[in-house]
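Here, each number is a calculation from the coordinates, and none is a lab measurement. Note that the coordinates shown come from a computational prediction; the quantities given were computed from them, not determined experimentally. Here the Cβ is made from the backbone with ideal geometry for all residues, glycine too, and neighbour counts use every protein chain on show.
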Amino acid sequence: MRKRIVGTAGARARSGTGIACALAGLVLVAAPSRAADYPHAQEPIGTVTQVYEGKLLPDQAVSTFRNIDRLFPTRTIAAGGTVRALPAAETPLGEVVFTEGDKTYDLFDVMALDSFTAMIVLKDGKVAFETYQRGNTPDTRWMSMSVAKSITSTLAAIAIKEGKLSGLDAPVTDHVPALKGSAYEGVTLRDVLTMTSGVRWNETYTDPASDRRALLKAQVSQEPGSAMKLMASLPRAAEPGTANNYSTGETQVLGEVVRGAVGKPLAEYLSEKIWVPYGMEADANWWLDSPDGHEIGGSGISATLRDYARFGQFFLENGTIDGASILPDGWVREAAGPTALEDGSKLDYGYMWWTGWTEPSIADGAFAAIGIQGQNIYINPKRDVVIVTFGAQPKPVGKEPVDPLVFFDAVAAALD
């Protein structure tokens, strides 16, 4: 398996209950004012620092991951209108058995070993398999981690289609004044989407001195503009377009670019362009950098399993709503990668989507949105398959005994 380094963590704002407590390292309990119909509202949860350090016991991790809207203020991604049906497939998923290395696994092994707490499989837009574990239900909203990056990337694509962004060569500083005069001068939208800005970044989640943890501290501070202040302070390590370096900060910049271009919060734009017209069935939430502030572009969306699956199906269908695509021509093919550096060197990365790295996924042109601790949206356009998992792995990375893409390939093949 090739090495993957994936980043963090997905109109009406409400104040979070957990900032001061998270800083103090306390365990939170639900506020009495929380919606009574959310099945997990009263569960005790951990802190955001414990999430990134991988210091949550299994049950506590599960309850925290389905209540991340209690860690920071959020803005609602409103659903509404007609819900897009997800009918049952005529033929459900049968037995899945595969080998990785010298070991043989089946679906039951993977669910346990990779700590998946929910999973749905769509074949031709219909549900071939769906399960909820560890007390999760169809109403559970689960954290996205870096799956949110692929959603933010898609919002950038919509803004290009609408003419609100001039295209992939648009300078990011045109829409984010806070970055003028910084290492982001001369960086384009394409550079940010492919994480080739050349701006120095250390993504190590468990290192308190890393840039990723500095961005988290800025988020915890809940001071407006603190994230862009951090990004503007970073030095240049390479010329734009010449080196790829995975950076959650890059997606925070992307989110600011989109917000600046469209003139509205990302959650509102996502609701208006996808969540309502495509027919999502439940409101979702998105972390903010401060009360009533800006969304965290690289993480912090919490949504239901079926709505993540609908998003995957939307992307598989080239962003088609009411018979017309809301994405630029050829966007899905480009965004799914691989892309390339300025010297022509191939990148196994798209526009904040991961390309397949197994032989079957490469052959099928499969790709994925991936978040730490087991969050996945796998899309296989050749076989018309979408797979979504919720994960509660004990550490941000390195705790997947089974390569999930090998498993997803086997599931897709089993549906033929």
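Rounded to the nearest 500, what is the 222 nm mean residue ellipticity of the chain from helices alone, with -39500 (n - 2.57) per DSSP H run of 4+ residues and division by all residues?
-8000 deg cm²/dmol
What percent of all Cα-Cα pairs in region 289-334 falls into each 10 Å bin, going from 0 up to the bin containing the maximum distance?
Going out from 0 Å in 10 Å bins, region 289-334 shows 22, 35, 34, 9 percent.
Report, as a whole number in µm² per second, the diffusion coefficient that Stokes-Einstein gives for region 358-400 at 10 °C and 1.306 mPa s using the Kirkwood radius over alpha carbon pairs.
My calculation gives 142 µm²/s for D.
Output the direction-averaged projected area (hull surface divided by four) of the convex hull of the alpha-carbon atoms of region 249-406, in nm².
Over every viewing direction, the Cα hull of region 249-406 projects on average to 10.8 nm².
Which of rounded, prolate or oblate describes region 209-267 when judged by the alpha-carbon gyration tensor and an a/c cut-off of 1.5?
Oblate, because a/c is 1.5 or more while a/b does not exceed b/c.
At 0.36 nm per residue, minus the direct Cα-Cα distance, what do Ala112 and Glu95 gain on full extension? Give it in nm, one decimal, please.
This chain segment gains 4.5 nm when fully extended.
Could you give the radius of gyration (one decimal) and Dmax (whole number) of the Cα atoms in region 332-416, in Å?
Calculated on Cα positions, Rg and Dmax stand at 13.2, 40 Å.
Mean shadow of region 146-295, computed from the convex hull of its alpha carbons, in nm²?
8.8 nm²
Using mean Cβ contacts within 10 Å as the protection proxy, how do 184-196, 314-326 order, highest first?
184-196, 314-326
Describe numerically, in nm with one decimal, the distance between label points set 7 Å from Cα along Cα→Cβ at Glu53 and at Thr137.
Simple spin-label model gives 3.3 nm for this pair.
Which whole-angstrom value gives the distance between the alpha carbon centres of region 165-217 and region 365-416?
Between the Cα centre of region 165-217 and that of region 365-416, the gap is 27 Å.
Sorted from largest down, what three extents in whole angstroms do the Cα atoms of region 72-206 have along their principal axes?
56, 46, 31 Å, listed from the longest principal axis down.
Which of the peptides 210-220, 105-115 is most tightly packed, and how do the rest follow, judged by the mean count of other Cβ atoms within 10 Å per residue?
Listed from highest to lowest mean packing, they are 210-220, 105-115.
Provide the net charge surrounding Pro235, with neighbours chosen by a C-beta distance below 14 Å and charges set as Lys +1, Arg +1, Asp -1, Glu -1.
-1
Which value, in debye to the nearest 20, describes the size of the charge dipole of region 243-386 about its Cα centre when Lys and Arg Cβ atoms bear +1, Asp and Glu Cβ atoms bear -1, and nothing else is charged?
For this selection, approximately 260 debye.
If the only charges are +1 at each Lys and Arg Cβ and -1 at each Asp and Glu Cβ, what is the size of the charge dipole of region 168-284 around the Cα centre, to the nearest 20 debye?
In total the dipole reaches around 280 debye.
Suppose every Lys and Arg Cβ carries +1 and every Asp and Glu Cβ carries -1, with no other charges. What dipole size does region 127-175 come out with about its Cα centre, to the nearest 20 debye?
Using Cβ point charges on Lys, Arg, Asp and Glu, region 127-175 gives about 140 debye.
Can you run the Rg to Rh ratio on region 129-232? Use alpha carbon positions and the Kirkwood inverse-distance Rh.
Using Cα coordinates only, the ratio equals 1.05.
Under Stokes-Einstein, with the Kirkwood radius over Cα pairs standing in for Rh, what whole-number D in µm²/s applies to the chain at 25 °C and 0.890 mPa s?
Estimated via Stokes-Einstein, D reaches 116 µm²/s.
Convert each backbone phi in region 72-77 into a coupling constant with the Karplus relation 6.51 cos²θ - 1.76 cosθ + 1.60 (shift: θ = phi - 60°), then list the ³J(HN,Hα) values in order as whole Hz, x for Gly and Pro.
With coefficients 6.51, -1.76 and 1.60, one gets 9, x, 10, 10, 6, 9 Hz.
Compute the convex hull volume of the Cα atoms of region 243-305, divide it by the residue count, and report the result per residue in Å³ as a whole number.
111 Å³
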